[in-house]
Structure formats: structure tokens, C-alpha cells
Amino acid sequence: MVKKVLKYGMGVLSVALIVAQFIQPERTNSPADLAASFDAVAKPPREVAAVVARACRDCHSNQTEWPWYSRVAPVSWLVASDVKQGRAKLNFSQWNIYSPEMTRIKLGEMCGEVTKGDMPPLYYLPMHPVARVTPREVSAICSVPVAQAR
Amino acid sequence: MFMGTVACLFALLLGCARSGSESATIDAAKLKAYAPLPEVASAKEAVGERKVTLGRILYYDPRLSKSQKISCNSCHALTQYGVDNQATSNGHKGQKGDRNSPTVYNASLHFVQFWDGRAKNVEEQAKGPVLNPVEMAMTSEKQVITVLKSMPEYVDAFKKAFPDGRDPVTYDNMGKAIGAFERNLITPSRWDKFLKGDQAALTAEEKAGFNTFVASGCQTCHAGSLLGGNMYQKIGIVKPWPDTSDPGRFKVTNSEGDRFMFKVPSLRNIEKTGPYFHSGKIATLKEAIAKMADHQVGKTLSDAGIQSMETWMKSLTGEIPTDYIKQPELPKSTRKTPKPNEAD
């Protein structure tokens, strides 16, 4: 009896998982408008451009690299939601939306997040060890001159 | 990230539900992204008193419209926090425009003008409505100049405001004078007093409301001295906005990335400037707050949370500069002044 229920349960679960694969979140990698990017608009020092590309781009730009497991439900849903939230907060592919005042505020927030070690998120690091931000890079992010950034 | 499940665990462990009960003091770190309004006096000096005087007259003069019934003040009533409180405004012969009239108070401090940023400053902006067929509907710059030049008092006022030019009555100078007047339409409020260090300027409930605002993620777009007015953002960035009839900044740039992008509006005087959003279709501030949470940050707020934010937002209501906006006497029409035209 117990066996039967278990078997039945497993069956339902696998069917559900298979069905789930077909419900794929939208994974836009919209043609990044190069002229609007952080690199083109803010012209950051090379070190800052590099750390952003290495450690932030997956969640804060339209140039996300989607790893294989990001295609497997339910992980895919969580990943997509993270990227959506991340892009809504800060999008390095759309740096042309900011006034000089907002540019200063966003750079301040970036500095704050990496100083506290809140970004990139801890859970991202085990799979992306290269995304670790060094103390040198933290100070580079914190000293991007604002005049230059817009 | 990409280990979503681990992420969830982390979130639980850290109790990272960043909202929750909001205390009645504001952590200084949260205020870094905010600043008080600039002093009115310094703006006044920069633009020149005589330009301001002329600009005030032009602002109130309905003869800048074809019907001679509509002035800037018809849609941006200065005693009404710079708006008409209509979803969309009545223009020439009662025609409706397709967007809500934003306030002119503090507008000069926005990084660009209009919902879609198509004018760079208030001087350039002021030249738009006069010739807009559904607003003031004058047919050409020349027609406007004819009206202005028909009144010696205007010619005199332009000469005083622009002493350098030989022929100062120009369409550009009209825009500059109106802009000069608008640059002093600034409304500091208790929020500014608080930012300058007066802790008692806000009540405990208002402080808690600001904390709710930040915890809800609103500061991502509503920051700076205007709590907006300093960036573009897509309406419906997290959850699509149902009304897609207005493509926003796409109309200006034709760039796909600008579809549904609008200037983030300032929240100064927000309590007084409804109805809300570019369409003016959302009637109450509470509804507007709930819609923002849902579509811009992907959160459903409790009624208490909405109430709390609204309480704080009311502290952004500034004082209307009653003396500054007093309606001046308008130059008298002469025989040469063209007659109103409502026929077409």
C-alpha cells in the first residue's frame, strides 16, 4: 500500500517536473544597445568596467549568460526572477536613462553594496568564483569620478 | 544566483524580508540619496527680475491662444499646485490631449521636460503648448509675435527684459521669459526642513512611512531632491503595464529600448497633483502607490503599508508662493490686436 502511494507520488512528481520544463520564463537578451551602455556613457576606468563585466553583468545587464541549470525548472523561474529584479534596480546596458544627479546616486549605491559585501550576492559566488570583488576593486568602484560618469 | 533554491534558504536564514515593522527613526544611510530643494533666492538672481515679471504676464495671458481663452494657467493652475486635476486637459475648443498635465512647480529642476523628455528645459518647453493644435492652437510663431507686438506695453516689457537685442519681441524670448518665471516656482516643504537636520519637522508616522517607501524599493527610481525627475524608466518594468496605448519615449527616439519609457515623475506635492500617471487614469494616491508596488517592484503591499507611505508623502506638500504667483494686470489689447478665433 505504502509502496503504491509512493510509486504513484513519484509518477505525479516527474510528470509535474516534465510539464514544468515547458513553462519557460522569458529570457530576453535584448540586442544590447552599445551606445547606451555603462562603458559607452559613463566611460569608467578600465578596472571598473572589468569588474562590472565580471561580477555584475549577469544580473544587471541585458547580456546575461544563462548557465545550463538556469534552464531547468524550477531553478529557471527563480533565476529569471532574480535577473528581472536585478535589471529593474540597475541595468548597465541602459546607462543613458540617468541624469547626472541619478548617476551620482547609482554610483553611490554600487559603492555601498560592494563595500558591505552585499553584491554580488553570496549565493552567486560558489558557482561563479571569478565574481569575487577585491578590496582594490571596491575602492576603484567607490572613486569613479562623477563628472566623468556622465 | 543561479542557485535559486540556495538563495531562498539564505533569504530565510537572514530574515531578509527587508520590510517588516518600520521604526520611527530614519537611518542616515537611507537619506544619502535625498537632498533638499535649492534655495529660491539663488534661482531668482540667476534669471533676472525683469524677465520674471514679463514671464509672469505671459504665463497668465490667454491671448497667446487662438481662442484667447486658454493660458498656461488654464492647465497648470498655480493656486492648484500647478495642475488642473483632470485626467487629460481641455485645450482649444475643448479638445483633449492624450496625456495628463504635470505640475509646473519644481519642473524647472527636472533633467528634461514632458513625460517623454522631448524638451530639454523649461525655456524650450514653453514654446510647445502655444503652437500645439490641441492646446493653445496658435498657427505660427509669426502669429504670436503679431499679437505681442500689437500691444505697446508688451514691446516695452520685452525691451526691459532683453535689453541687448535690437528686436527683443521674439518667440525664443517669450520662451525664455516664461522659463525665467517658472524657475522660481519652487515649493520647499517640511521634508526639506527634516533633511536640513530638523528631526521634529516630521512626525513619527511620517518617518515610518519613509522607511516603508525605502523598504518597498521605491527609492530605486524616486530619489534625489525631487524624488523623481532625474531619470527615465519603463512603466511595467517588473510586471507589464496593462495600458500600452502610449509608447512613451519611443515616440521621440524610435529606439526599441525606449518603448514604454517615461520620465520618472517627481513626488513633490504628489498629494495635490492627481489624477496620476501619464494617462491620468488612476484617481487616488493610494491606488497609484499600490500600482507602483505591483508593476515596478513586484510587491503586493498591505493596506497599512500603503497608508503609511501616503502619510509620509503628504509631508512633501510644499507652500505655494502666494505673492510670487499673484496674477498681474495684463497689457491692454489695442485695435491692432487680432480677434479671437474659435471657428477652426
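The values are calculated or read from the model by the stated rules, or taken from the named source; none is laboratory data. Just so it is clear, the structure is predicted and the values come from calculations on it, not from any experiment. Backbone-built Cβ (ideal geometry, glycine too); neighbour counts: all protein chains shown. Note: accessible area is taken over every heavy atom of the protein model, side chains too, but ligands, DNA and RNA are not part of it. Shrake-Rupley method; radii C 1.70, N 1.55, O 1.52, S 1.80 Å.
Quick notes on this one:
- Residues in the stretch B:230-247 that are open to solvent by less than 30 Å² (accessible area, probe 1.4 Å) and either in contact with a Ser or Thr (Cβ under 9 Å, 6 or more places away or on another chain) or within 11 Å of chain A (Cβ to nearest Cβ) (or both): B:ASN230, B:MET231, B:TYR232, B:GLN233, B:GLY236, B:VAL238, B:ASP246.
- Test for B:VAL169: is it in a helix (DSSP H, G or I) and either over 27 Å from the mean Cα position of the chain (by Cα) or among the hydroxyl-bearing types (Ser, Thr, Tyr) (or both): no
- Single match in B:LEU227, B:LEU185, B:LEU195 (criterion: within 14 Å of chain A (Cβ to nearest Cβ) and among the aliphatic types (A, V, I, L, M)): B:LEU227
- A Cβ distance below 6 Å, combined with a sequence gap of six or more or placement on separate chains, defines the contacts here; from the stretch A:100-121, residues that are more than 13 Å from A:LEU90 (Cβ to Cβ) reach residues that are assigned to a helix (DSSP H, G or I) in the pairs A:ARG104/A:VAL146; A:THR115/A:VAL138.
- Qualifying positions in the stretch A:108-150 - away from chain B (no Cβ under 11 Å), in a helix (DSSP H, G or I) and open to solvent by less than 60 Å² (accessible area, probe 1.4 Å): A:MET110, A:GLU113, A:VAL114, A:GLU137, A:VAL138, A:ALA140, A:ILE141, A:CYS142, A:VAL146, A:ALA149
- Matching option when the condition is surrounded by fewer than 22 Cβ atoms within 10 Å (Cβ to Cβ) and in contact (Cβ under 8 Å) with a residue 24 or more places away in the chain, among B:ALA223, B:ALA215: B:ALA215
- Matching residues, the stretch B:3-48, being more than 26 Å from B:GLY229 (Cβ to Cβ), open to solvent by 60 Å² or more (accessible area, probe 1.4 Å) and modelled with pLDDT of 50 or more: B:SER23, B:THR25
- Subset of the stretch B:151-172 [closer than 14 Å to B:VAL130 by Cβ and either out of contact with any helix residue (DSSP H, G or I) (no Cβ under 6 Å at 6 or more places or on another chain) or acidic (Asp, Glu) (or both)]: B:THR170, B:ASP172
- Taken together, the residues in the stretch B:278-300 that are in a helix (DSSP H, G or I) and either within 14 Å of chain A (Cβ to nearest Cβ) or not hydrophobic (A, V, I, L, M, F, W, C) (or both) amount to 9.
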